[in-house]
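Quick notes on the structure that follows.
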Protein chains: 4
Amino acid sequence: MSQFSKEILHMGEMASGAKLTVPVYHLKNTPENKKGLNVYIQANMHGAEVQGNAVIFQLLELLKSLDIQGEITLVPYANPVACNHKNGEYTLGRFDPITGVNWNRMYYYNAECIPIFVQENLTKTDEEIERAFKQLLQQTITDKLEHNQYGLTTGQRIAYQLQKMAHQADIVLDLHTGPISSKHLYCPEYAKESARYFNIEHTILIPNAFDGAMDEATFCPWWTLQNEFAQQGRDIQFNKESFTVELGSQEQIDLTLAKEDACSILTYLSYKKVLVNTHLAPVNMKRYACYLKDYKAFYSPMGGMVDYLAEFGKPLAAGEPLVKILRMDNYGDGDAIHYLSLDHTVLPVLHFASASVNQGTELYKVFTNFFEL
Amino acid sequence: MSQFSKEILHMGEMASGAKLTVPVYHLKNTPENKKGLNVYIQANMHGAEVQGNAVIFQLLELLKSLDIQGEITLVPYANPVACNHKNGEYTLGRFDPITGVNWNRMYYYNAECIPIFVQENLTKTDEEIERAFKQLLQQTITDKLEHNQYGLTTGQRIAYQLQKMAHQADIVLDLHTGPISSKHLYCPEYAKESARYFNIEHTILIPNAFDGAMDEATFCPWWTLQNEFAQQGRDIQFNKESFTVELGSQEQIDLTLAKEDACSILTYLSYKKVLVNTHLAPVNMKRYACYLKDYKAFYSPMGGMVDYLAEFGKPLAAGEPLVKILRMDNYGDGDAIHYLSLDHTVLPVLHFASASVNQGTELYKVFTNFFEL
Amino acid sequence: MSQFSKEILHMGEMASGAKLTVPVYHLKNTPENKKGLNVYIQANMHGAEVQGNAVIFQLLELLKSLDIQGEITLVPYANPVACNHKNGEYTLGRFDPITGVNWNRMYYYNAECIPIFVQENLTKTDEEIERAFKQLLQQTITDKLEHNQYGLTTGQRIAYQLQKMAHQADIVLDLHTGPISSKHLYCPEYAKESARYFNIEHTILIPNAFDGAMDEATFCPWWTLQNEFAQQGRDIQFNKESFTVELGSQEQIDLTLAKEDACSILTYLSYKKVLVNTHLAPVNMKRYACYLKDYKAFYSPMGGMVDYLAEFGKPLAAGEPLVKILRMDNYGDGDAIHYLSLDHTVLPVLHFASASVNQGTELYKVFTNFFEL
Amino acid sequence: MSQFSKEILHMGEMASGAKLTVPVYHLKNTPENKKGLNVYIQANMHGAEVQGNAVIFQLLELLKSLDIQGEITLVPYANPVACNHKNGEYTLGRFDPITGVNWNRMYYYNAECIPIFVQENLTKTDEEIERAFKQLLQQTITDKLEHNQYGLTTGQRIAYQLQKMAHQADIVLDLHTGPISSKHLYCPEYAKESARYFNIEHTILIPNAFDGAMDEATFCPWWTLQNEFAQQGRDIQFNKESFTVELGSQEQIDLTLAKEDACSILTYLSYKKVLVNTHLAPVNMKRYACYLKDYKAFYSPMGGMVDYLAEFGKPLAAGEPLVKILRMDNYGDGDAIHYLSLDHTVLPVLHFASASVNQGTELYKVFTNFFEL
């Protein structure tokens, strides 16, 4: 059986002095042996993307009767500022309401230290290198948190506290959702093989480029480090994997679906030998993938009210309509209905959350140049 | 065939001087004869409740091939200030974002003039009374619009312009939606019979009390007038009917569903003889009703994330859960899952639009003491 | 010296389970004697109206060296849901962001119980009546808080908890601010004399009509009770006073100004003999008043950008401009500048917080038919 | 006298089909001679930053009686989507409410084409080079606007339309404001000399780095081009200047102040010989400057309510408080007042717009390592 512990992190403070906290759950194999990987799972960095909390609930329930080899840390409500911020009836999704900055673009990564690190550690063993680099990553974040006369933004303080925990892990899963969405997975190109162990129909393969997100913040350093050693003629594999797992639509809690998604994650963890003595196998399904550069947003060329026609997960032929746009102001003396389509086959993955759009609102995100995984 | 015309109303002006307009469609029987009722239909007074626009589209399409006896006015995008007000990804639903006032609580009705009117018109014929009172209602609104040194609020200016049109009608349909919702109908108690001609499973029977809404603003004056005449010993029937038609959920356009709802409305209009030579009959279905005082909102006793369990339109037994509330902060040392229920049978009609709730957020609205219509 | 104590009230719970609390401060004369009035002071019921918190800070500081006769309860951050709700850079002012309901319209008062109470207590002494009625008021609120299968709205739960404390008091001060505003006081008509002891230049005299606000919720019951006894031929005076004190502009904390306002309040409390051995006298200033029906909002007849010209506290002659409205869209082929005025003298008291207005936005609130107090 | 013309640009379309337009004013010397520079001035790209519209009004009024040599284009309400977006009482300032993207980070610049251009135009004359490059810049934007199967975001469509006009100019002035702010100027390092001709006390000197803003989008290409030619051994000066002019505080229209700022701009334009026969001289004042890297934001280490103490434009010594933070929740058993300061001298330039802050909200922006210009 595994050992369970719970910790409370202080994540923010509001105008009245109210403290916002985050519960952190740890599971460890007992008796403690050093074998096995360290896993970090968080949910709800974006306010409206709540379903990951239900998945963490189901993971904790299911893990009660499973054998862990290694260690698992689970963090629901990762961003309590966002998750408590109602905006009308809905929860404000993706950005700090004061600054507009996407909460998932505030993690830290500075590639500049890596060539120096490689230079200084060329003669060390693989284990020493991995330990030293892990420590460097964590120390860098600790410094950002503790030494800052000018302070940190609300989002940085949250992101850095989460990142500090994530940097202890070998595997990082950041649970998100789309607006109205199918399940999809952001996966580093080198970890493509692992994507087959999630029961997720769409995978976006992402390059070694840091744009501020949690997955990138935790795999880019190791990927870059590996490349840097390779350039020095040394082949070293770190086997770190980070994924952004998009669970479906925002603004929904469904505990039954959450159990399915928890099983999907456990299947992957079995494959990575974090779970032992399980018989979890990935569901036999068609898995599509495309490269990040081929994952495209389609913006509305007009304002109007949208009937979303294209289904998720089914290739849509060139010329087939994605949406019908209603423009009652044109009824009687113009076109009240507009069909919008593209001139090549795409795979629709998600669409906008509301039927009302301005000119330039993102309508759909689609795979182009997609292939079976 | 009917005669079609289109008009543009100026409904508001924004900071940049941008004018917000509303298209108004008129259909009339030709050659014009005086027979038949006058119908007024509007949609989208609340910003997020857009499906009524699609229903008006389908009504206009279907009416092209139907025989009208009387006159129909249709107003989509009735409140362009609200319908264009994005708040994050969603449209701000129900109130003026500056003042918080519900857009559908700004219509005007002053009961005080009615006893005086009755006194002055006791000797008139029924037709004369009806004509004079219609004129009085319209004149009152015209005065509010035109004589106001201190001005009108944004919502009053919109509401009064719509109400002025609605006061010309014998039948008023105000198309709304719930948040996430089944179809339901607000119907004055005296018009209960008519509710059977809509294909709508839930009817709320409302009393002769004005709370600012369009339906009340157009039926309360006539109901009160009738009562006042009755007290003077004169029995006079005006046969005015006003309904708020709740089409389902907000933030959705579905042109296929809209056609069904358009047929439901046309069925009612056939029954009222506004359409002739049609063979539209109401769908055979179980229709439930309750009185407004028995239509109850259930507020969350706690903050948390909600899995909405109770289905719409099925009686829910006492003790059966409406929702499961997830509270991950309590996992491990408290109750992470809470079931909430009531101690008597209810009929769930709609629920809140988001899974995240504060303590005190409305979770469900339900019928109690309901009965078959 | 007075005895100080502090208590924490639980006021709300958010989606993550975060609890929002309110500190409550009590000051009592010691050794305890029964003489003296009970005072209740709260601040920040509306989110953006924060200056009252600073005034409570200064009151607590100043009261350290003053002699209290009676008891004072002070509640800053009265509505932590509102005061923590950022909306862009600003704090969402006046209403529940989910429902639009004004936070200061959710207090409870039911006049129906009063005639019954009078009937039942006609033979009691004045002290017995006062004690019994106080108890009735508190019990009514306790019942609302504790017995509600369908629950309470977020705002009701907050309002009722505050009201329960306020019903213990003889004097209630609810500290608010306007948007951009001069100081002004809402004062029940019968307490006009007391308005002279605040250093506040504008007083609005309000009738015995309940519209949901804290001041009304605490003085209307007693005023009605007194009237009801008078009708039964019994003259009884309760000397309850409740005021809404509007401290100036929202979105500002100024601890220096707060000290002045604290002194103004202490001057009134000295006059009411809650403070003894002080030498506080009201500032010699021109105090204007008008009746609530003569306190008017002026709404913009057009959208545009506003240069607010009229100064607060100075009578503005008929025809003198309140504002200049800029409409650059009309430059070159229309009027780019519009002057707006009224046809009678008014006393401007506050104006809207932003330079950008829609058609129908409230521009100014002004006294008409005003007089010196 | 100059020749005046007005044009209307279509900038966006909302859900109801409402079109948002922008007026564009052109002034030209007549009879047309080719001499003189081309100037582009826009205002209100950020919704709440409205004062620039008033400055454009005053510029147009003053220019009626001045001699222009060259051409001036003026665009008020540059972003009507933002300027019409109310969020509570205020205008949502700086970002697209749907995506969170800063409206002034969506301009386009791609440095990659420049080395190729230099290679292809090495043998051309200075005039030919300037003309060809101007054409290239405009053509690039035209292509983005016209050839985009996947569409443009709301902000891109607005930004590109403005940028296309700005690329015709030699001088670009983008009129903004801070939240609560002193006047300040963003000035490219090479144009430092020109900053002395504005009556603005603070100048931030910015490097040749593109971060999406209008000023950068219009000067970076020319600066880079010049550098690229220099590397090829050719010295060529383009004399393009772009500034972001921060006029003071947001949410305010003040036509009197606007006239002063219009004079300040005209003084600069006289210096650049766009105006002739004028006697405008810059005001004699202390002008401070610092480099962009030394322009720092100070974030609140705690939640609370803020009394902003530090005045703008006066050096603040190390240890002197910027703010006092009130935390009433700590009164009686902790520190209710916190003073925050820095350990070196700074020059405060602007502060946050609201008194209520979360932990991590930007409190002040200050110059460090500043010097007299």
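The values are calculated or read from the model by the stated rules, or taken from the named source; none is laboratory data. Computed from a predicted model, the values in this text were never measured in an experiment. Please note: Cβ atoms are built from the backbone with ideal geometry, for glycine as well, and neighbour counts cover all protein chains shown.
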- request: Determine which single condition A:Arg234 fails, assuming it passes every other condition in (1) among the basic types (Lys, Arg); (2) within 14 Å of chain D (Cβ to nearest Cβ); (3) more than 26 Å from the chain's Cα centre (by Cα).
  value: (2)
statement: Pairs returned, first residue in the stretch A:166-185 that is within 18 Å of A:Ala132 (Cα to Cα), second residue that is not in a strand (DSSP E or B), beta-carbon separation under 6 angstrom, 6 or more apart or interchain, are A:Ala166/A:Thr218; A:His167/A:Leu137; A:His167/A:Gln138; A:Asp170/A:Lys240
field: Residue list for the stretch B:280-297, filter: closer than 19 Å to B:Gly248 by Cα and within 14 Å of chain C (Cβ to nearest Cβ)
entry: B:Tyr295, B:Lys296, B:Ala297
query: Could you list, in sequence order, the residues of the stretch B:295-341 that are touching a Lys or Arg at 6+ places or on another chain (Cβ under 8 Å), in a strand (DSSP E or B) and not hydrophobic (A, V, I, L, M, F, W, C)?
result: B:Tyr295, B:Lys296, B:Gly304, B:Asp307, B:His338, B:Tyr339
statement: All conditions in (1) outside any loop (DSSP other than H, G, I, E, B); (2) surrounded by fewer than 20 Cβ atoms within 10 Å (Cβ to Cβ); (3) of a type outside the set (Lys, Arg) are true of D:Asn369 except (1)
field: B:Leu322 away from chain C (no Cβ under 14 Å) and of a type outside the set (Val, Ile, Thr)
entry: no
message: Any residue that is in a helix (DSSP H, G or I) and facing another protein chain (nearest Cβ under 10 Å) - is there at least one of those in the stretch D:68-77?
response: no
statement: Every listed condition ((1) over 14 Å from the mean Cα position of the chain (by Cα); (2) surrounded by 24 or more Cβ atoms within 10 Å (Cβ to Cβ)) holds for D:Gln69 save (2)
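Within the stretch D:146-177, track down each residue that is within 14 Å of chain A (Cβ to nearest Cβ), surrounded by fewer than 24 Cβ atoms within 10 Å (Cβ to Cβ) and part of a helix (DSSP H, G or I).
Taking the stretch D:146-177 and keeping what is within 14 Å of chain A (Cβ to nearest Cβ), we get D:146-161.
After this cut, where a residue has to be surrounded by fewer than 24 Cβ atoms within 10 Å (Cβ to Cβ) as well, the list is D:146-153, D:156, D:160-161.
Selection gives D:Glu146, D:Gln156, D:Tyr160, D:Gln161.
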- prompt: Does B:Asn330 satisfy being in contact with a helix residue (DSSP H, G or I) (Cβ under 6 Å, 6 or more places away or on another chain) and farther than 30 Å from B:Leu63 by Cα?
  reply: no
message: Suppose the filter is surrounded by fewer than 23 Cβ atoms within 10 Å (Cβ to Cβ), touching a His at 6+ places or on another chain (Cβ under 8 Å), of a type outside the set (Ser, Thr, Tyr) and away from chain A (no Cβ under 12 Å); does D:Glu61 pass it?
response: no
query: Within the stretch C:230-250, restricting attention to residues that are among the hydrophobic types (A, V, I, L, M, F, W, C) and within 14 Å of C:Asn208 (Cβ to Cβ), which residue is surrounded by the fewest Cβ atoms within 10 Å (Cβ to Cβ)?
result: C:Ala230
- prompt: Is there a residue being out of contact with any Lys or Arg (no Cβ under 6 Å at 6 or more places or on another chain), small (Gly, Ala, Ser), within 14 Å of another protein chain (Cβ to nearest Cβ) and touching a residue at least 60 places away in the same chain (Cβ under 8 Å) anywhere in the stretch A:206-223?
  reply: no
statement: For the stretch A:186-215 the number of residues that are assigned to a loop (DSSP other than H, G, I, E, B) and among the small types (Gly, Ala, Ser) is 3
- request: Would you check if there is a residue in the stretch A:95-104 being touching an Asp or Glu at 6+ places or on another chain (Cβ under 6 Å), assigned to a loop (DSSP other than H, G, I, E, B) and either within 14 Å of chain D (Cβ to nearest Cβ) or surrounded by fewer than 20 Cβ atoms within 10 Å (Cβ to Cβ) (or both)?
  value: yes
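Just checking, which of B:Ile129, B:Ile114 is touching a Leu at 6+ places or on another chain (Cβ under 6 Å), surrounded by 12 or more Cβ atoms within 10 Å (Cβ to Cβ), closer than 17 Å to B:Trp223 by Cα and touching a residue at least 24 places away in the same chain (Cβ under 8 Å)?
Numbers: B:Ile129 fails: touching a Leu at 6+ places or on another chain (Cβ under 6 Å).
Sole residue among the options that is touching a Leu at 6+ places or on another chain (Cβ under 6 Å), surrounded by 12 or more Cβ atoms within 10 Å (Cβ to Cβ), closer than 17 Å to B:Trp223 by Cα and touching a residue at least 24 places away in the same chain (Cβ under 8 Å): B:Ile114.
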query: Any chance the stretch A:348-366 includes a residue that's surrounded by fewer than 21 Cβ atoms within 10 Å (Cβ to Cβ), modelled with pLDDT of 95 or more, outside any strand (DSSP E or B) and more than 10 Å from every other protein chain (Cβ to nearest Cβ)?
result: no
Filter pass, B:Ser264 being crowded, with 16+ Cβ neighbours inside 10 Å, within 14 Å of chain C (Cβ to nearest Cβ) and among the polar types (S, T, N, Q): no
query: Quick check: is even one residue across the stretch B:276-287 modelled with pLDDT of 95 or more and assigned to a strand (DSSP E or B)?
result: no
task: Report yes if some residue within the stretch A:331-345 is under 17 Å from B:Asn84 (Cα atoms), out of contact with any Cys (no Cβ under 7 Å at 6 or more places or on another chain) and facing chain D (nearest Cβ under 10 Å); otherwise report no.
output: no
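Every residue, every condition in (1) of a type outside the set (A, V, I, L, M); (2) touching a Ser or Thr at 6+ places or on another chain (Cβ under 9 Å), yes or no:
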| residue | (1), (2) |
| --- | --- |
| B:Leu225 | no, no |
| B:Glu246 | yes, yes |
| B:Glu251 | yes, yes |
| B:Ala258 | no, no |
| B:Asp261 | yes, no |
| B:Thr267 | yes, yes |
| B:Asn277 | yes, no |
| B:Ala281 | no, yes |
| B:Cys290 | yes, yes |
task: Note down all Cβ pairs under 6 Å where the first residue falls in the stretch A:257-270 and is among the small types (Gly, Ala, Ser), the second is in a helix (DSSP H, G or I), and they're at least six residues apart or on different chains.
output: A:Ala258/A:Ala54; A:Ala258/A:Val55; A:Ala258/A:Gln58; A:Ala262/A:Val55; A:Ala262/A:Gln58; A:Ala262/A:Leu59; A:Ala262/A:Leu62
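Of these, B:Glu251, B:Glu260, which one is over 22 Å from B:Lys164 (Cα atoms) and assigned to a helix (DSSP H, G or I)? Write out each step before concluding.
On the way: B:Glu251 fails: assigned to a helix (DSSP H, G or I).
Of B:Glu251, B:Glu260, the one residue that is over 22 Å from B:Lys164 (Cα atoms) and assigned to a helix (DSSP H, G or I) is B:Glu260.
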- request: For residues that are within 23 Å of the chain's Cα centre (by Cα) and of a type in the set (S, T, N, Q), scanning just the stretch D:132-145, find the one that is surrounded by the most Cβ atoms within 10 Å (Cβ to Cβ).
  value: D:Thr140
Among the residues listed as B:Thr218, B:Thr224, the single one being in contact with a helix residue (DSSP H, G or I) (Cβ under 7 Å, 6 or more places away or on another chain), surrounded by fewer than 24 Cβ atoms within 10 Å (Cβ to Cβ), β-branched (Val, Ile, Thr) and assigned to a helix (DSSP H, G or I): B:Thr224
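Table: residues versus (1) within 14 Å of chain D (Cβ to nearest Cβ); (2) assigned to a strand (DSSP E or B); (3) of a type outside the set (Val, Ile, Thr).
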{"site": "A:Ser5", "(1), (2), (3)": "no, yes, yes"}
{"site": "A:Ser16", "(1), (2), (3)": "yes, no, yes"}
{"site": "A:Val24", "(1), (2), (3)": "no, yes, no"}
{"site": "A:Lys28", "(1), (2), (3)": "no, yes, yes"}
{"site": "A:Tyr40", "(1), (2), (3)": "no, yes, yes"}
{"site": "A:Val55", "(1), (2), (3)": "no, no, no"}
message: I'm trying to understand the selection: among the residues of the stretch C:267-286, which are in contact with a strand residue (DSSP E or B) (Cβ under 9 Å, 6 or more places away or on another chain) and surrounded by fewer than 18 Cβ atoms within 10 Å (Cβ to Cβ)?
response: C:Lys273, C:Val276, C:Asn277, C:Thr278, C:Lys286
